[in-house]
Amino acid sequence: MNAASTAVPLPFAAGQAPAAAPDDEPALVERVRRGDPAAFDTLVNRYLRRAFAVAYRLLGQREDAEDLVQDAFMAALQRIDTFEAGRPFAPWFFRILVNRGLNARKARSLRAVHAIPETAASSGPSPEREAERTELRERLTVAMETLPERQRVIVELFELEGFGGPEIAQILEISDGTVRWHLHEARKTLRRALSPYERREG
Amino acid sequence: MTYDPSRDPERDPRLAALLDGSAPETEWEALRGRITSAAELPLARRRHARPARPAWVRSLVPLAAAAGVAGAAFGLGLNRAPAPTLSAEEQAMVNEIAESALPGEVAPLLTGEAAQDALLEAVAGS
């Protein structure tokens, strides 16, 4: 990413929970089952940005993320008859997206490329402090790469994309308890990567 | 940091801030257009497809097909045309030939249906 690129704002800030599923979704899904293009377009528009953000975290390349998003929406359309009416659409759809993303990553022998955030230009921190912060980010990024894939995906979905534990459990088809355990283990690893810097600060 | 398996942990804003490599800019309308264009044909197929039946009805289809095949096979068996029978005249002719041309112990073996046909052909050809 070059310095001039502008990050696309997510519909909610990182670390915040997304809004609850809209009430019109069961009716929308039923209309999609009957082939209504307007209903399908509404669902696409509703989840496109979040889907792209998750896809980008999984694959690390803009074009690959776009392809994955399109692939996931088409797969969801193909399987719409298997979607259980009354359940929330988002976990079901993101399960498709995440599974396909993980398969694509495996197939290409990729590990997620975590974009290192650019340091915000500010007049506050000194250059030394900024350099330390950059180094900290890089250490954390490397630490993320060492996590087992499932833990990495859970951290990304929970900490960065704002999915709740139960949602992640539905997406990955594991129990809530397993999600919490993985989060706990992943944080231990990531905080270990941060600890030299925390000792310096302390 | 205490692990509580009964509830989600609090999000760590520091982790989020350090890890947050936001997605790059993309052409949202173009991507949305690509997806909706790709979906046109599958959606059109759905509009023209027969209405979906409940799952319990769908499960009857293979059973109904199997029952239909079995019924057709049974019906074909019942409707099988009977083997052609000889007229009284033809039967008399066959019996005369069999009794006069063949030894007594062989003749009864040749008075079956296939034998009657074969003998008729032989008689017709002579």
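Table for the structure above
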{"read-out": "Region A:129-156 residues that are more than 10 Å from every other protein chain (Cβ to nearest Cβ), paired with ones that are surrounded by 18 or more Cβ atoms within 10 Å (Cβ to Cβ) and among the small types (Gly, Ala, Ser) (beta carbon under 6 Å, 6 or more apart)", "value": "A:Leu147/A:Ala186; A:Gln151/A:Ala186"}
{"read-out": "Index of the failed condition, B:Gly77 passing every other in (1) at pLDDT 80 or above; (2) part of a helix (DSSP H, G or I)", "value": "(1)"}
{"read-out": "Which numbered condition A:Tyr47 misses (of (1) at pLDDT below 95; (2) closer than 15 Å to A:Pro88 by Cα; (3) buried (at least 19 other Cβ atoms within 10 Å of the Cβ))", "value": "(1)"}
{"read-out": "Qualifying positions in region A:34-48 - within 7 Å of chain B (Cβ to nearest Cβ) and in contact (Cβ under 8 Å) with a residue 24 or more places away in the chain", "value": "A:Phe40, A:Val44"}
{"read-out": "Complete set of residues in region A:50-62 that are free of Cβ contacts under 8 Å to residues at least 60 places away in the same chain and at the interface with chain B (Cβ under 7 Å from one of its Cβ atoms)", "value": "A:Phe52, A:Tyr56, A:Arg62"}
{"read-out": "Identity of the residue in region A:63-80, of a type in the set (D, E, K, R), more than 7 Å from every other protein chain (Cβ to nearest Cβ) and farther than 12 Å from B:Thr36 by Cα, that ends up farthest from the chain's Cα centre (by Cα)", "value": "A:Arg79"}
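The values are calculated or read from the model by the stated rules, or taken from the named source; none is laboratory data. What you are looking at is a predicted structure, and each value in this text was computed from that prediction instead of being measured. Note: ideal-geometry Cβ built from the backbone for every residue, glycine included; neighbour counts use all protein chains shown.
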